[in-house]
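Student: Quick one: the structure is below, and I'll ask about it shortly.
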Amino acid sequence: MARRIVDISVPLEAGIASDPPGLEPKIEYMTHKESIPGILAFFPGLRPEQLPDGEGWAAERCQISTHNGTHMDAPYHYATTQDGGKRAQRIDEIPLDWCLQPGVKLDFRHLPNGHVVSAAEIEAELKRIGHTLKPLDIVLCNTAAGARYGQPDYVPTGCGFGREATLYLTSRGVRVVGTDAWSWDAPFGYTAQRFAKEGDPSIIWEGHKSGREIGYCQIEKLANLDQLPSSGFMVSCFPVKVKAASGGWCRAVAIFDA
């Protein structure tokens with residue numbers, strides 16, 4: 001049977017609205033011609049015309065955060081502790097078997113921007129697609145944000161997942177979740193409005209902060225989730241090993257029989 005691989009990652013790209021102002025990645029591109037002086041310095045006596053086609057190599061210099069592009073957050077991103085007081089895992093300590101598991105896609109595109117998904121809404125969506133969660137299932141959430149990636153309204157678009165919904169998943173053995181939005185939590189602008197009205201600090205980053213109780217990883221800025229079935233596929237999402245870091249970029253893909 002033929003196998004299909006769907007890229008559910010976004011490219012690391014500068015100059016688009018992928019993150020809040022000031023947090024976007026910066027990429028400097030060096031062409032085959034621009035690299036020639038550096039190459040000549042390695043090989044005294046070499047002339048530019050002696051290089052094949054008169055070209056050197058292309059290269060890029062990047063100024064990026066481990067939370068730019070499609071990336072995985074480690075429990076250390078959320079707090080210094082997890083699982084009720086244990087030292088929080090860094091991205092280079094995440095068990096590899098968390099990152100290659102059956103996937104489940106939950107569709108929340110109909111929910112309004114800023115909505116905080118409840119445990120009951122998670123449960124209802126699982127019932128709708130006929131799936132019972134199993135330990136280590138990778139749960140991917142399709143929100144309204146995915147269709148707006150790179151557009152000026154991307155960051156404030158989509159629903160989010162608070163403490164209750166996140167613990168609903170992690171208490172059932174889920175250790176990796178993902179969203180096509182900028183954050184697993186609701187967009188900050190909506191949370192700020194609620195905080196101004198209610199004065200309750202527990203609502204700030206509440207989905208992330210639930211990792212203090214049960215450690216888990218989340219993937220943010222996914223793409224093409226609308227191309228996936230609700231279940232019956234595998235997800236590969238191994239993060240780059242950045243020593244002792246709070247996150248790492250990942251090339252997340254979904255794999256299923258065509």
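Student: Quickly run through region 74-85 and pick out the residues that are on the phi < 0 side of the Ramachandran plot and touching a Pro at 6+ places or on another chain (Cβ under 9 Å).
Tutor: Ala74, Thr81, Gln82
Residues are listed down the side, and each one gets a yes or a no for (1) at pLDDT 95 or above; (2) more than 20 Å from Asp185 (Cβ to Cβ); (3) not assigned by TED's automatic domain parsing to the domain that holds Pro187:
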{"position": "Ala58", "(1), (2), (3)": "yes, yes, yes"}
{"position": "Tyr76", "(1), (2), (3)": "yes, no, no"}
{"position": "Asp92", "(1), (2), (3)": "yes, yes, no"}
{"position": "Leu96", "(1), (2), (3)": "yes, yes, no"}
{"position": "His115", "(1), (2), (3)": "yes, no, no"}
{"position": "Ser118", "(1), (2), (3)": "yes, no, no"}
{"position": "Ala124", "(1), (2), (3)": "yes, yes, no"}
{"position": "Lys127", "(1), (2), (3)": "yes, yes, no"}
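Student: Tell me yes or no: at least one residue of region 15-23 is buried (at least 16 other Cβ atoms within 10 Å of the Cβ), under 19 Å from the mean Cα position of the chain (by Cα) and of a type in the set (A, V, I, L, M, F, W, C). Give the derivation first.
Tutor: Applying the first criterion (buried (at least 16 other Cβ atoms within 10 Å of the Cβ)) to region 15-23 yields 17-19.
Checking which are under 19 Å from the mean Cα position of the chain (by Cα) leaves us with 17-19.
Filter again for of a type in the set (A, V, I, L, M, F, W, C), leaving 17.
Within region 15-23, one or more residues are buried (at least 16 other Cβ atoms within 10 Å of the Cβ), under 19 Å from the mean Cα position of the chain (by Cα) and of a type in the set (A, V, I, L, M, F, W, C).
Student: Would you confirm, using the coordinates I've provided, whether Ile214 is in the same structural domain as Leu100 (by TED's automatic domain parsing), touching a residue at least 12 places away in the same chain (Cβ under 8 Å) and within 22 Å of Ile5 (Cα to Cα)? Full working, then the answer.
Tutor: Values: in the same structural domain as Leu100 (by TED's automatic domain parsing): yes; touching a residue at least 12 places away in the same chain (Cβ under 8 Å): yes; within 22 Å of Ile5 (Cα to Cα): no.
The answer is no for Ile214.
The values are calculated or read from the model by the stated rules, or taken from the named source; none is laboratory data. Since this is a predicted model, take the numbers as computed values, not measurements. Cβ sites come from the backbone with ideal geometry, for glycine too, and all protein chains shown count toward neighbours.
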